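Beneath this line is the structure, given in structure tokens, with notes to follow.
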Amino acid sequence: MNDHQILNFQNYQTIECIHQGKKSLVYRAQHISDNKPVILKLLRSEYPSFNELVQFRHQYTITKNLNLSGVVQPLALENYRNSLILVMADEGYISLDEYIKKDNSLSLSQCLTIGIKLTEILAELYHHRIIHKDIKPANILIHPQSLEIQLIDFSIASVLPKETQVLKNPNILEGTLAYISPEQTGRMNRGIDYRTDFYSFGVTLYELLSGKLPFETTDAMELVHCHIAKMPSSLSNRKKNPKVLSNIILKLMEKNAEERYQSAWGIQKDLETCLKQLENTGKIEFFEIGKRDICDHFIIPEKLYGRQQQVQQLLDAFERVSNPISSQLSVEKEEIPLNPPIYQKRSIRWSPHSTKSEATSGLPLSKGDGRGITQGTGEGLPGGTEGRSLLGEVQK
Ligand SMILES: Nc1ncnc2c1ncn2[C@@H]1O[C@H](COP(=O)(O)OP(=O)(O)OP(=O)(O)O)[C@@H](O)[C@H]1O
Ligand SMILES: [Mg+2]
């Protein structure tokens with residue numbers, strides 16, 4: 001298929017290609033019979049695999065019955081040659097990614113307004129037990145005039161049974177590396193629940209406010225390591241971003257889901273307080289964040305309580321095995337090893353079930369800022385979610 005070719009479908013006249021991704025092509029088009037503007041998304045491959053078709057259909061299945069103003073509703077899923085076309089109404093929205101690139105001088109109050117709208121959408125998704133798993137500016141649409149916000153691309157979203165309260169998702173490394181939560185990297189031995197979207201939302205907000213990503217490495221493994229082990233630099237040194245806003249983002253981007261916000265409502269209230277202060281006084285004073293952040297159901301934290309001695313033994317053993325000479329020296333010199341040493345050895349995922357090569361191998365590495373590094377189903381990645389990994393166990 002020639003990407004630049006303006007395709008002619010049976011019922012649609014294509015106008016322009018607006019996205020040529022790794023997997024998909026997106027066109028602005030017109031319905032031939034009634035001239036209605038539409039967006040057509042189709043798979044790039046002429047002969048998509050069964051899994052690609054299932055994933056493509058998945059985004060339609062999830063969104064077709066969701067009647068949410070913040071989610072783009074599909075009009076149809078049509079057969080096209082050996083593949084499928086997702087048809088959506090074209091309401092003049094563009095991606096937030098494109099919007100920032102065009103007009104990267106978003107004011108603080110605009111950032112806050114967009115953030116508040118996004119939290120409303122996240123709250124609606126939570127209500128419907130949907131985890132998006134790929135929140136990022138490219139998957140958020142904005143109307144250039146009204147600044148209304150909508151969410152797209154539910155191809156890796158997960159729908160959890162309504163009766164299940166403990167949310168789990170076994171998929172690993174789905175999403176976009178620059179925005180992916182630590183648990184979604186598959187290297188934390190932690191379940192993925194709705195709070196994974198809060199982390200990616202934090203990265204998105206960070207980018208909106210600062211114009212850059214929190215972790216700007218070009219190495220995929222390094223990026224995974226950053227998400228797991230490094231805190232992003234604070235935004236508050238910038239004149240534009242007050243300390244409290246920086247704290248909100250850092251709370252969203254906490255490594256452990258338990259330490260993040262627990263509800264979209266809680267995030268929304270804090271952002272609204274910021275916006276209100278800004279509108280009333282022109283500045284945002286420090287206030288205690290998370291005060292109205294209440295989770296409406298019980299979640300068992302995935303961390304170890306007690307067992308300090310056993311944890312220390314494991315850490316010592318890890319230090320000895322990973323660096324026998326220096327650990328010998330450090331014992332002689334009575335040096336105290338840096339904590340937590342495992343994270344400092346980059347993001348090695350070790351589990352009692354993994355072989356050495358599994359433990360040290362990892363992502364298909366590629367260069368780039370991670371924005372474009374999207375992952376599929378995670379099939380075939382080592383480690384899986386079975387077994388208790390050392391990383392998960394000692395994680396504080
Ligand atoms: N309904 C829509 N209205 C306007 N633009 C859209 C719409 N749907 C998609 N787009 C544009 O197409 C881009 C890609 O869409 P989408 O995120 O659904 O594809 P994708 O699955 O991420 O594709 P790939 O994985 O191949 O990059 C979006 O970032 C946006 O610019
Ligand atoms: Mg996308």
Mind checking which residues of the stretch 42-77 are among the aliphatic types (A, V, I, L, M), over 14 Å from Lys23 (Cβ atoms) and within 11 Å of ligand 1 (Cβ to nearest atom)? Val71, Val72, Leu75
Determine which member of the set Glu98, Glu124 is away from ligand 1 (no atom under 14 Å from the Cβ) and modelled with pLDDT of 90 or more. Glu124
For residues in the stretch 92-130 being touching a His at 6+ places or on another chain (Cβ under 7 Å) and of a type outside the set (Ser, Thr, Tyr), which is farthest from ligand 2 (Cβ to nearest atom)? Gly92
Within the stretch 19-59, residues being touching a residue at least 60 places away in the same chain (Cβ under 8 Å) and in a helix (DSSP H, G or I) number 5
Across the stretch 19-33, the tally of residues that are near ligand 1 (Cβ under 8 Å from one of its atoms) and touching a Pro at 6+ places or on another chain (Cβ under 8 Å) stands at 1
Of all residues in the stretch 134-147 being assigned to a loop (DSSP other than H, G, I, E, B) and within 12 Å of ligand 1 (Cβ to nearest atom), which is surrounded by the most Cβ atoms within 10 Å (Cβ to Cβ)? Ile135
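In the stretch 78-110, which residues are hydrophobic (A, V, I, L, M, F, W, C) and either assigned to a loop (DSSP other than H, G, I, E, B) or closer than 20 Å to Glu16 by Cα (or both)?
Across the stretch 78-110, the qualifying residues are Leu84, Ile85, Leu86, Val87, Met88, Ala89, Ile94, Leu96, Leu106.
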Are any of the residues in the stretch 263-284 touching a strand residue (DSSP E or B) at 6+ places or on another chain (Cβ under 9 Å), at pLDDT below 95 and over 16 Å from Glu183 (Cβ atoms)? no
Can you tell me which of (1) in contact with a strand residue (DSSP E or B) (Cβ under 6 Å, 6 or more places away or on another chain); (2) within 16 Å of ligand 2 (Cβ to nearest atom); (3) not polar (S, T, N, Q) is the one Leu75 doesn't meet? (2)
Sole miss for Cys226 among (1) in contact with a helix residue (DSSP H, G or I) (Cβ under 7 Å, 6 or more places away or on another chain); (2) under 26 Å from Ser158 (Cβ atoms) is condition (1)
Looking at this structure, is Ile85 within 10 Å of ligand 1 (Cβ to nearest atom), among the hydrophobic types (A, V, I, L, M, F, W, C) and either at positive phi or not assigned by TED's automatic domain parsing to the domain that holds Val159 (or both)? no
Given the criteria farther than 30 Å from Ala178 by Cα, polar (S, T, N, Q) and not assigned by TED's automatic domain parsing to the domain that holds Gln268, does Asn51 qualify? no
Based on what the data block shows, is Ile18 closer than 25 Å to Leu147 by Cβ, surrounded by fewer than 18 Cβ atoms within 10 Å (Cβ to Cβ), touching a strand residue (DSSP E or B) at 6+ places or on another chain (Cβ under 8 Å) and β-branched (Val, Ile, Thr)? yes
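Table: residues versus (1) at pLDDT 95 or above; (2) of a type outside the set (Lys, Arg); (3) surrounded by 15 or more Cβ atoms within 10 Å (Cβ to Cβ).
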{"position": "Met1", "(1), (2), (3)": "no, yes, no"}
{"position": "Ile6", "(1), (2), (3)": "no, yes, no"}
{"position": "Tyr12", "(1), (2), (3)": "no, yes, yes"}
{"position": "Val26", "(1), (2), (3)": "yes, yes, yes"}
{"position": "Asn35", "(1), (2), (3)": "no, yes, no"}
{"position": "Val38", "(1), (2), (3)": "yes, yes, yes"}
{"position": "Lys41", "(1), (2), (3)": "yes, no, yes"}
{"position": "Glu46", "(1), (2), (3)": "no, yes, no"}
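Which count do you get for residues in the stretch 120-151 that are more than 14 Å from the chain's Cα centre (by Cα), aliphatic (A, V, I, L, M) and farther than 11 Å from Val71 by Cα?
Total satisfying the criteria: 3.
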Only one of Leu177, Leu151 that is in contact with a strand residue (DSSP E or B) (Cβ under 9 Å, 6 or more places away or on another chain) and at pLDDT 95 or above: Leu151
Filter the stretch 196-214 for residues that are surrounded by fewer than 21 Cβ atoms within 10 Å (Cβ to Cβ), touching a residue at least 12 places away in the same chain (Cβ under 8 Å) and assigned to a loop (DSSP other than H, G, I, E, B) and give the result. Gly211, Leu213
Among the residues of the stretch 229-262, write down those that are outside any loop (DSSP other than H, G, I, E, B), crowded, with 19+ Cβ neighbours inside 10 Å and either modelled with pLDDT under 90 or not β-branched (Val, Ile, Thr) (or both). Leu245, Ser246, Asn247, Leu250, Lys251, Leu252, Ala257
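The values are calculated or read from the model by the stated rules, or taken from the named source; none is laboratory data. These numbers were taken from a predicted model, which means no experiment stands behind them. Glycine gets a Cβ as well: all are built from the backbone with ideal geometry, and neighbour counts include every protein chain shown.
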